[in-house]
1. Scan the range A:102-118 and tell me whether some residue there is without any contact (Cβ under 8 Å) to a residue 60 or more places away in the chain, over 23 Å from residue B:6 (Cβ atoms) and assigned to a loop (DSSP other than H, G, I, E, B).
2. In contact with a helix residue (DSSP H, G or I) (Cβ under 8 Å, 6 or more places away or on another chain) and either away from every other protein chain (no Cβ under 12 Å) or surrounded by fewer than 19 Cβ atoms within 10 Å (Cβ to Cβ) (or both): does that describe residue B:97?
3. I need the full set of residues from the range A:1-54 which are outside any strand (DSSP E or B) and within 30 Å of residue A:118 (Cα to Cα), in order please.
4. Does residue A:114 satisfy being modelled with pLDDT of 90 or more and either out of contact with any strand residue (DSSP E or B) (no Cβ under 8 Å at 6 or more places or on another chain) or crowded, with 18+ Cβ neighbours inside 10 Å (or both)?
5. Consider the range A:27-36. How many of its residues are more than 8 Å from the chain's Cα centre (by Cα) and either at the interface with chain B (Cβ under 7 Å from one of its Cβ atoms) or surrounded by 13 or more Cβ atoms within 10 Å (Cβ to Cβ) (or both)?
6. Out of the residues in the range A:37-46 that are closer than 16 Å to residue A:108 by Cα and touching a residue at least 24 places away in the same chain (Cβ under 8 Å), state the one that is surrounded by the fewest Cβ atoms within 10 Å (Cβ to Cβ).
7. For residue B:60, indicate whether it is free of Cβ contacts under 8 Å to residues at least 24 places away in the same chain, within 14 Å of chain A (Cβ to nearest Cβ) and surrounded by fewer than 13 Cβ atoms within 10 Å (Cβ to Cβ).
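The values are calculated or read from the model by the stated rules, or taken from the named source; none is laboratory data. Note that the structure is a prediction, hence the values are computed from the model and not measured. Here Cβ is always computed from backbone atoms with ideal geometry, including for glycine, and neighbour counts include all displayed protein chains.
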């Protein structure tokens, strides 16, 4: 149980285009979803936290207008990288939790999406 | 601000060795600590989760310990196998926060 999927697994796009990444909880309702990015040999850096039906909370330094997050249902959150540039190339990982706030005890991670912007 | 450090950054051992991975954190007011495994180009697999009130957790050949007061955790892998080759990440959840802070990981290579 507690499976999280991401789609696509990898995407290559041209500079200036927008890319949407989906994160789905397959067998549970995810009250909270998290979006991370990971550069090679670096740690996972939290980008934003989203709760179903409300606006995402972005970490300091993350542009909310560039990284649009929508958590429209309890099983789906999307991350849209708008006007992508080569420096946005990274590995994006989502996680989902059944709780919210301080009750997000366990995060279940998706398999990640490799974004390459040419 | 919580900072998590993992040592060593990379480790190469022959099959069968017992090994220890280290994780340290600067703020001891943690809610829990978690060890993950990440294979190249893949997501994270949770290995062990230790609550702040616990000293250790065990799963098969893996044993994780937690010393909250000194800000340290170790992951012990017994009788290592080539299939253990992966990056191991340590993450802490601070009390009062819902988010995780990750270390950079230890890249482990177990050779046959």
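1. Within the range A:102-118, not a single residue is without any contact (Cβ under 8 Å) to a residue 60 or more places away in the chain, over 23 Å from residue B:6 (Cβ atoms) and assigned to a loop (DSSP other than H, G, I, E, B).
2. Yes.
3. Residues satisfying the conditions are A:8, A:9, A:14, A:15, A:16, A:17, A:18, A:39, A:40, A:41, A:42, A:43.
4. So residue A:114 fails the test.
5. 4
6. A:37
7. Here the answer is no, as residue B:60 does not meet what is asked.
Yes or no, residue by residue, for (1) free of Cβ contacts under 8 Å to residues at least 60 places away in the same chain; (2) more than 17 Å from residue B:43 (Cα to Cα):
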residue	(1), (2)
A:33	no, no
A:50	yes, yes
A:58	yes, yes
A:68	yes, yes
A:73	yes, yes
A:79	yes, no
